[in-house]
Amino acid sequence: MTNPIFWVGVLTLAAIYASLAMALNVESGWGGMWDLGIAGLLAAGSYCYVILTADPDLGMRFAPGLSMWVAWPLSALFTGLVAFAIGAPALRLRREYFLITTLAFAEIIRQLVVIQADFTRGTLGIPNINRPFDSFVTGRDYNYVLLVIAALAAAVMYLVTRQIGSSPFGRTLRAARDNEAVALALGKRVNRMRIQTFVLAGILIGATAPVYLFYIRAISPQLFAPGITFTVWTALVIGGLGSIRGGLAGAFVLIVFTEAVGLIEVDPAHINILVAIEPMLVGLLLVLVLRFRPDGLFSERDSFGSRRTQAERASGRAATASSRPTAAAQASD
Amino acid sequence: MDLVLTEVRKTFGGVVAVDDVSAVMPQDKVTALIGPNGAGKTTLFNAITGFDPPDRGSISFGDRRIDGLPPWRVAELGLIRTFQTPVGFTTLTVRESLLTAATPHFVETPVQALGLGRRARGHERASEARAEELTADLGMADLLDVRTDELSAGDRKLLEFARSLMAEPKMLLLDEPAAAVAPANIGRLSQLVRRLCDERGLGSLIIDHNLSFLMQIADEVHVLDRGALLASGPPSEIAANPDVMRVYLGEEQP
């Protein structure tokens with residue numbers, strides 16, 4: 001239970017989910033587009049990366065055998081293209097219609113991967129995916145390398161999304177989410193900005209895909225079932241929809257919690273019960289967080305503008321207000 | 001540069017909401033649009049601003065046809081409207097709302113967002129100065145960092161007005177600007193509308209129910225009744241028009 005390698009793996013996975021949650025926050029938190037197609041975009045990026053770098057000996061119809069450093073940015077761009085193909089029709093819809101459509105597109109992508117077995121090896125999957133620097137560091141020590149890569153990816157994602165959030169583009173995105181009619185009346189090209197945001201989120205998810213593959217090491221279509229979408233969403237909602245730090249914190253809380261539940265030692269005869277109640281415990285965590293922090297651990301309110309509200313200014317309590325987010329973070333530890 | 005309506009018609013099912021309205025609203029004058037509830041005033045606003053295009057007729061602003069253009073395009077041409085119920089950008093602060101209104105589209109791109117362009121920063125600073133000046137002018141400087149959903153209805157109305165000005169309009173379309181505004185502030189509002197028109201040549205088209213407010217500031221008044229234009233003319237003439245009196249006060253019993 002105290003095996004450090006295990007916890008290195010957990011933190012790596014948490015960092016990957018944190019990256020995905022921060023990317024999701026751009027389109028769903030600020031853009032107001034409730035995208036349930038993350039699994040599909042992740043699949044597009046992952047398969048693009050795998051096909052471009054695959055060993056020609058595996059007998060796939062298209063295997064250019066590119067270097068991973070070339071394939072990585074290409075998969076990000078390809079995922080952006082896929083996001084455009086999904087977003088252009090889906091963004092004509094609103095709210096739950098958009099949500100259902102993105103979910104359907106994700107399933108279409110997964111089924112395409114199964115059917116196009118000449119290119120993807122279908123349900124057979126592809127084992128032993130190459131990982132960066134694995135010729136220098138071998139064995140169990142490689143897990144530390146992977147943690148560094150995932151942490152760096154999450155750090156880059158944090159900086160990029162923070163830059164987007166603090167830009168005029170991010171501000172207008174939030175404005176159009178709050179009130180589309182007013183945004184239009186001020187000359188905002190709302191539809192165009194939403195498609196741009198959807199594609200941007202696709203690129204960010206596609207850029208995260210290879211890191212996910214380095215961690216998983218083998219790819220197969222069932223990896224990209226809708227479950228992964230809901231895990232990313234749960235992380236973001238726990239952390240706080242609309243807040244980057246929320247996506248980051250939510251992913252770590254959720255993944256560490258889920259993995260810790262798996263560590264509970266039970267009689268082998270009862271292991272199936274533990275497996276069955278694991279989702280229930282995750283649900284309980286979600287309910288408890290939302291009961292006491294309805295906006296999540298961090299809220300959008302803490303991230304933008306001033307933290308001082310009118311009432312607080314009137315009663316001169318502004319100083320205590322600014323310390324609120326930190327106190328909340330400590331309470332959640 | 002005038003706003004010209006030619007036989008504009010809009011129906012909803014069998015109901016004729018706007019019935020062949022033709023009118024000229026000069027860009028540098030204050031024009032009032034009055035009429036009882038259901039006369040088609042807001043429908044006409046929606047037709048002009050592209051939110052609900054007319055079925056027939058043409059609308060032009062200056063030398064451009066604007067009927068059929070999307071709302072954001074109409075706004076870009078300088079026709080900035082406000083809404084009857086001032087909800088605004090609920091989670092944005094007053095400062096953020098004003099900056100959003102002032103930001104041109106070439107600054108709001110992902111490329112600028114990722115810091116790959118330099119145009120955003122200079123523009124942002126200039127807008128910030130304008131926002132501070134404008135809020136000071138409107139007596140709401142202390143509200144700059146308050147979120148829109150924490151403002152009173154009156155302050156939200158004021159923000160709506162300030163936001164429209166930040167968008168550098170060529171003409172304002174104000175949908176009931178005096179509703180929900182404290183009587184004491186209505187005087188300030190009419191002064192402001194008048195001053196913008198006289199000093200800066202920024203005209204407005206105003207819908208309101210407060211006739212005394214409109215009669216004070218309007219250069220020209222159009223009266224709508226059941227979708228059709230009943231009378232047009234300077235306020236003094238309209239006030240004396242027996243048809244208008246009948247529409248507003250009901251038929252005189254013999």
Give me the percent of the accessible area of the protein assembly as shown that comes from carbon and sulfur atoms, probe 1.4 Å, all protein chains in place.
59 percent
When the scattering of chain B is computed by the Debye formula from its Cα atoms alone, each counted once and equally, what is log10 I(q)/I(0) at q = 0.10, 0.11, 0.15 Å⁻¹?
-0.52, -0.62, -1.11
Isotropic mean projected area of the C-alpha convex hull, the protein assembly as shown (nm²)
34.2 nm²
Considering just Cα atoms, how many Å³ per residue does the convex hull of the range A:1-50 enclose?
103 Å³
Computed on protein heavy atoms with a 1.4 Å probe, what is the summed buried accessible area for the chain pair B and A, in Å² to the nearest 100?
3200 Å²
Give me the one-decimal nm value for the distance between modelled label points at A:Ala218 and A:Ile271, 7 Å along each residue's Cα-to-Cβ direction.
1.8 nm
Roughly what % of DSSP beta bridges within the protein assembly as shown run antiparallel, to the nearest 5?
60 percent
Cut-off 20 Å, label point 7 angstrom out along Cα-to-Cβ of B:Arg194: give me the residues of the range B:21-39 whose amide nitrogen falls inside.
B:26-34
In degrees from 0 to 90, rounded to the nearest 10, what is the angle of the helix A:4-24 Cα long axis to the longest principal axis of chain A?
60 degrees
Name the residues of the range A:128-169, by number, that are at least 30 Å² less accessible with every protein chain in place than in the isolated chain; the surface is that of heavy atoms, probe 1.4 Å, without ligands or nucleic acids.
A:Gln163, A:Pro168, A:Phe169
Over chain A, with neighbouring protein chains present, the accessible area per residue in Å² at probe 1.4 Å is 45 Å²
Paramagnetic label zone (point 7 Å from Cα along Cα-to-C-beta, B:Asp2; backbone N under 19 Å) in the range B:41-56:
B:45, B:48-49
What percent of all Cα-Cα pairs in the range A:4-331 falls in each 10 Å bin, counting up from 0?
6, 24, 32, 24, 11, 3, 1, 0
If one compares the long axis through the Cα atoms of helix A:142-165 with the longest principal axis of the Cα atoms of chain A, the angle in degrees, nearest 10, works out at 40 degrees
With a 1.4 Å probe and all protein chains left in place, how much accessible area per residue does chain B have, in Å²?
44 Å²
List for the range B:66-109: residues with 40 Å² or greater reduction in accessible area, all protein chains versus chain alone, probe 1.4 Å?
B:Trp72, B:Phe83, B:Phe89, B:Thr91, B:Leu92, B:Glu96, B:Thr100, B:His105, B:Glu108
Got a sec to turn the phi values of the range B:191-196 into Karplus ³J(HN,Hα) couplings, 6.51 cos²θ - 1.76 cosθ + 1.60 with θ = phi - 60°, whole Hz, x for Gly and Pro?
4, 5, 4, 5, 5, 4
Run the simple label-point estimate for B:Ala239 and A:Ala225 please: 7 Å along Cα→C-beta, distance reported in nm.
7.7 nm
The FRET efficiency for A:Ile264 and A:Tyr142, from their Cβ-Cβ distance with R0 = 30 Å and rounded to 0.05, is 0.60
If I fit a long axis through the Cα atoms of helix A:244-263 and take the longest principal axis of the Cα atoms of chain A, what angle between them do I get, 0 to 90°, rounded to 10?
50 degrees
What nm value, rounded to one decimal, do you get for the distance between A:Leu77 and B:Arg64 when each label is placed 7 Å out toward the C-beta?
3.5 nm
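The values are calculated or read from the model by the stated rules, or taken from the named source; none is laboratory data. These numbers were taken from a predicted model, which means no experiment stands behind them. FYI the Cβ positions are ideal-geometry reconstructions off the backbone, even for glycines, and counts take in every protein chain you see. These area figures cover heavy atoms from the full protein model, side chains too; ligands, DNA and RNA do not enter into them. Shrake-Rupley method; radii C 1.70, N 1.55, O 1.52, S 1.80 Å.
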